[in-house]
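Asks: Handing you this structure, nothing more for now.
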Amino acid sequence: MTPTDAKRPLQLNDQGQLRHFLSLDGLPRELLTEILDTADSFLEVGARAVKKVPLLRGKTVCNVFFENSTRTRTTFELAAQRLSADVITLNVSTSSTSKGETLTDTLRNLEAMAADMFVVRHADSGAAHFIAEHVSPEVAVINGGDGRHAHPTQGMLDMLTIRRHKGSFENLSVAIVGDILHSRVARSNMLALKTLGCPDIRVIAPKTLLPEGIEQYGVRVFTDMNEGLRDVDVVIMLRLQRERMQGGLLPSEGEFYKLYGLNTQRLALAKPDAIVMHPGPINRGVEIESAVADGPQSVILNQVTYGIAIRMAVLSMAMSGQAAQRQIDSESVTEEQQ
């Protein structure tokens, strides 16, 4: 596990604008801040009687989910609809690929539908990057989560949640707790926090759920939950990735909760105004106590609201970046012909 998979040339157009959104690795602080600022402006749309703006009118967004997800799929659908796009959602996990169709075959069939953007979720790390490299140049690709690698929109909605509740990142202590090894959310959050200037990023997990080389992300590693939570401003609990585990990493869920579950007593070790986050879905009594998940310090439902705004920001910015690149390419061709 290394943070050296920067996708900057592929993700940005010639003017440095977002074109695809595949990973937070290699993206500059200014661009992450622009995404947060744009999302802030879209939060107001959700409070309107008519929750729509015409930014993507006439465009088609295709949600291509090779891996099941209710929350991510639904918020991407809502985001595209609120931008006035036409939305197609394909649950490919129960469709063509189960009949032997390759990822490239699926991609070509989707291109034939003349979609302007693909939102891709896949169980294999690097799938969204592969699609972005091989798709038609005019199509934008957004990563809705790929294997253990990245979940950039989740990372950014978590950053928006922190910024709206804590103001800035410069003086914060943030703890990420749980199954770090299998978590694409943890990777995206570590990258985003470091880029945005958070000085104290902590990961808390048993040794069997910590990837090798995690210190390269600029984090402090704790295997003792009580020690790691002391005086933090933000606690991000991770879902126990049972479907990604290859036996023997944990003795039992009960043992995990006993040592690493967030309850009211452990939360008291954090700062009194600390906020509690979770990407969902929550395993109550495994990662977190119901009294904490539903308590006054929890901002878990706020994350869902902010997720729509972040996805609206990313969709609109990527579509704008693609349009700008087409204009650049067109002008370049015209100059060559003269």
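The values are calculated or read from the model by the stated rules, or taken from the named source; none is laboratory data. Only a predicted model underlies this, so the values are computations on that prediction, with no experimental measurement involved. Using ideal geometry, Cβ is built from the backbone for each residue, glycine included, and neighbour counts are taken over all protein chains shown. Side chains are part of the model used for accessible areas, which takes the heavy atoms of the whole protein and leaves out ligands, DNA and RNA. Shrake-Rupley method; radii C 1.70, N 1.55, O 1.52, S 1.80 Å.
Asks: Ignoring ligands, DNA and RNA, what accessible area per residue does region 152-300 give at 1.4 Å, in Å²?
Replies: Dividing the accessible area of region 152-300 by its residue count gives 38 Å².
Asks: Also, quick follow-up: Which label belongs to the value computed from this structure, given these candidates for mean projected area of the Cα convex hull in nm²: [x] 23.7; [y] 18.0; [z] 19.2?
Replies: For mean projected area of the Cα convex hull in nm², the calculated option is [y].
Asks: Restricting to DSSP H runs of at least four residues, report the calculated mean residue ellipticity at 222 nm for the chain, -39500 (n - 2.57) per run over all residues, nearest 500 deg cm²/dmol.
Replies: -12000 deg cm²/dmol
Asks: Next question, about the same structure. If each residue of separation counts as 0.36 nm, what is the full-extension length gain between residue 216 and residue 294 once their alpha-carbon separation is subtracted?
Replies: Difference between extended and current length: 24.7 nm.
Asks: Here is a follow-up. Using 0.36 nm per residue of separation minus the Cα-Cα distance, give me the extension gain between residue 60 and residue 252 in nm, one decimal.
Replies: Extra length from residue 60 to residue 252 when fully extended: 64.6 nm.
Asks: Another question, if that's okay. Calculate the spin-label point distance for residue 138 paired with residue 328, positioning each point 7 Å from the Cα along the beta-carbon direction, and give it in nanometres.
Replies: 1.8
Asks: While we're on this one: When only Cα pairs under 8 Å and 6 or more residues apart are kept, what is the percent relative contact order across the chain?
Replies: 21
Asks: Tell me the angle of helix 184-195 to the major Cα principal axis of the chain, expressed in degrees between 0 and 90 and rounded to the nearest ten.
Replies: The answer is roughly 90 degrees.
Asks: Oh, and also: On a full-extension model of 0.36 nm per residue, what is the gain between residue 52 and residue 269, subtracting their alpha-carbon distance, rounded to one decimal in nm?
Replies: Gain in length upon complete extension: 73.8 nm.
Asks: Given labels modelled 7 Å from the Cα in the Cβ direction, how far is it in nm from residue 168 to residue 30?
Replies: Roughly 1.9 nm, to one decimal.
Asks: Residue 45 label point, 7 Å along Cα→Cβ, cut-off 11 Å on backbone N: hits in region 153-172?
Replies: none
Asks: Distance from a point 7 Å along Cα→Cβ of residue 14 to each backbone N in region 119-139: keep the residues under 16 Å and list them by number.
Replies: In region 119-139, the label zone of residue 14 (backbone N under 16 Å from the point 7 Å along Cα→Cβ) covers 137-138.
Asks: Taking every alpha carbon pair in region 83-238, what does the distance histogram look like in 5 angstrom bins from 0, in percent?
Replies: Spelled out bin by bin, region 83-238 gives 2, 8, 16, 18, 15, 12, 10, 10, 7, 3, 0 percent.
Asks: Starting from one equal scatterer on each C-alpha and no solvent at all, send me the Debye-based log10 I(q)/I(0) for region 152-300 at q = 0.14, 0.20 Å⁻¹, two decimals.
Replies: Log10 I(q)/I(0), no solvent term: -0.59, -1.31.
Asks: Test of understanding: express the Cα radius of gyration of region 251-302 as a ratio to 2.2 N^0.38 Å, with N the residue count.
Replies: For region 251-302, the normalised Cα radius of gyration comes out at 1.10.
Asks: Towards the positive end of the charge dipole of the chain, with charges on Cβ (+1 Lys, Arg; -1 Asp, Glu), say which of 75, 192, 334 has the farthest Cα.
Replies: Looking along the dipole axis, the top candidate is 75.
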